[in-house]
Structures are given as C-alpha cells and as structure tokens.
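What follows is calculated from the coordinates using simple rules that are stated; it is not laboratory data. Computed from a predicted structure; not experimentally measured. Ideal geometry is used to build each Cβ from the backbone, glycine not excepted, and the neighbour counts take in all protein chains shown.
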Amino acid sequence: MGIARLRSLFTTHGSPLTAHHSLTMRNITTSKEKLLKKIRQALLEKRDNPYPNLENLPLYPPADEMLEVMFAEQFAEVSGQFSFCEDEVQFIETLLILAAERNWHKIYCWEPALQAILSRYEYPYFETDKDFEQAEVGFTLCEALIARNGSILLSNANEAGRRLSIYPPVHIVLAYSSQLVPDLKDGFALLKQKYGDNIPSMISNVTGPSRTADIEKTLVLGAHGPKELFVFLLDG
C-alpha cells in the first residue's frame with residue numbers, strides 16, 4: 001500500500017514538473033528567436049558608418065619631442081643601446097671602440113649597402129655565412145625606427161634575410177634619421193611606399209633584446225634571440 005502511494009505521488013507531481021520544464025525550454029527558445037530576429041533585422045538595415053575616418057585618426061596626441069630623442073628614450077627603456085653619429089667616420093670610430101671593449105672578432109654583414117660603408121673604412125667583417133654558428137655580431141640595416149615605443153622594423157627583403165638579426169648574441173642596426181617615424185602605422189606606410197604590392201613575407205617589430213620571464217617575474221635577456229641590441233643612427 002505504501003509503494004502504491006509513492007507511485008501515485010510521483011505520477012501526480014511529475015506531470016507539473018515536466019510541464020514546467022517544457023515551458024521553460026519554450027521561453028528560452030523564444031528569447032533566442034527574438035535575439036536572432038533582431039540580428040537579422042540589423043544586418044538588413046543599411047546605415048552610414050559613424051566613424052568613416054577612424055583609421056586615419058591619430059591614436060596618440062602629437063609628440064612635443066624630436067623623434068630622435070623620443071626613440072632614444074624609449075629604446076633605452078627596453079634595454080636597447082643607442083648611439084647617434086653625425087657621419088660615417090664617427091660611426092666607424094664608435095664601432096671600433098665598442099668592438100675593442102667587447103672583444104668582437106666575428107662580425108657578420110651581408111647587405112651590400114652596409115658592406116660598402118665598412119669596406120670604405122677597411123673595417124673587417126664576414127660577408128658569407130661560413131662558420132655562422134660562431135657569429136658574435138649580426139650587423140644589419142632596417143626598414144624603420146618607431147619612435148613611440150623604441151622599436152625597430154625589420155624585414156627579410158634584403159640579403160640579411162631572417163637569420164642575421166636573430167641568431168648572433170649581439171645585433172647591431174645601422175639606421176638613418178629619415179627612417180624615423182612616430183608610430184607603427186607610419187612604419188608600414190614606409191614599407192608600402194618602398195615595396196608597393198610586393199610586401200616582404202616577414203616583417204618583424206623588434207622592441208629591445210630578446211627576453212622572457214618566469215612565474216617569479218625573473219627577467220632573462222637573450223633567451224630566444226640576441227642578448228644585446230644596438231642602434232647607430234646616422235643623420236641623413
């Protein structure tokens with residue numbers, strides 16, 4: 001008799017529960033349908049873009065400082081080492097002092113324009129990748145210097161390729177003041193102007209030496225690339 005009573009209670013109270021569950025599902029489905037209907041209507045309506053010139057608007061306020069000063073300060077903030085040179089003679093003299101202090105002997109340079117400068121002053125360098133695994137310094141040019149965050153815009157469009165700026169423990173970049181731009185979008189504009197539709201397959205925005213940090217926030221430089229990064233800026 002007790003079992004029959006329990007079955008009766010289960011059947012009696014089970015029906016309303018099932019009905020309520022079905023009603024809830026129906027309400028959810030209805031809300032979903034309403035939302036999808038609103039989305040469909042919004043997609044069908046044609047509206048003017050409220051921000052037609054958004055991409056052309058400046059992301060940052062105008063800078064008061066000279067681009068050279070801004071880049072040097074930001075570059076130093078990310079552990080980069082900056083040197084401004086008035087001419088090629090000062091550049092070579094500074095490079096000679098630096099190489100003597102660091103005891104550099106295997107400096108690799110593969111770009112003809114940069115090789116021409118080094119050769120003009122009889123500065124020794126490796127022009128091929130022979131014994132490249134022993135390279136101490138990779139010497140390259142760049143596409144642009146981004147003053148806003150002290151970054152260097154590199155590509156693989158020249159003879160330095162992908163390896164020379166990554167493998168040696170020291171990377172030296174020779175840049176010109178005409179390559180200084182305020183922001184990253186200005187750097188891409190230079191690339192577009194230089195290469196047109198033949199944009200390089202690799203464009204790298206380098207901000208300071210390679211770095212990584214563990215869970216305890218211990219910063220390690222040179223973990224996945226050069227441990228030191230130098231920029232020589234020539235006027236011109």
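Here are a few things to note about the model shown:
- Cβ-based net charge around Lys227, under 15 Å, with every Lys or Arg adding one and every Asp or Glu removing one: 0
- For the chain, the relative contact order comes to 22 percent (Cα pairs under 8 Å, sequence separation of at least 6).
- Computed over neighbours whose Cβ is under 14 Å from that of Ser178, the net charge equals -3, Lys and Arg +1, Asp and Glu -1.
- Cα long-axis angle, helix 67-77 against the chain (0 to 90 degrees, to the nearest 10): 70 degrees
- Put a dot 7 Å past the Cα of Ile39, heading toward its Cβ, do the same for Lys106, and the two dots end up 5.8 nm apart.
- For the range 29-178, size of Cβ-based charge dipole, Lys and Arg +1, Asp and Glu -1, in debye: 1560 debye
- Taking amide H positions as modeled 1.01 Å from N, with prolines and chain starts lacking one, the residues under 5 Å from Phe126 and 5 or more places away or on another chain are Ile107, Tyr108, Cys109.
- Modelled spin-label separation between Tyr176 and Glu93, with each label point placed 7 Å from Cα along the Cα-to-Cβ direction: 2.2 nm.
- Each Lys and Arg Cβ is given +1 and each Asp and Glu Cβ -1; about its Cα centre, the range 170-219 then shows a dipole of about 100 debye.
- Once the Cα atoms are used to define both axes, helix 184-195 deviates from the longest principal axis of the chain by about 60 degrees.
- With K and R counted +1 and D and E -1, the other residues having a Cβ less than 13 Å from that of Arg120 yield a net charge of -3.
- Computed from backbone phi, the HN-Hα couplings of the range 79-87 come to 6, x, 10, 10, 9, 9, 10, 6, 8 Hz, rounded to whole numbers (Karplus: 6.51 cos²θ - 1.76 cosθ + 1.60, θ = phi - 60°; Gly and Pro given as x).
- Applying 1/(1 + (r/R0)^6) with r as the Cβ-Cβ distance of Asp197 and Ala223 and R0 = 35 angstrom yields a FRET efficiency of 0.45.
- Nearest-ten-degree value, helix 2-44 long axis tilted from longest Cα axis of the chain: 50 degrees
- Peptides 55-68, 110-123, 142-155 ordered by packing proxy, namely the average of other Cβ atoms within 10 Å per residue, highest first: 142-155, 110-123, 55-68.
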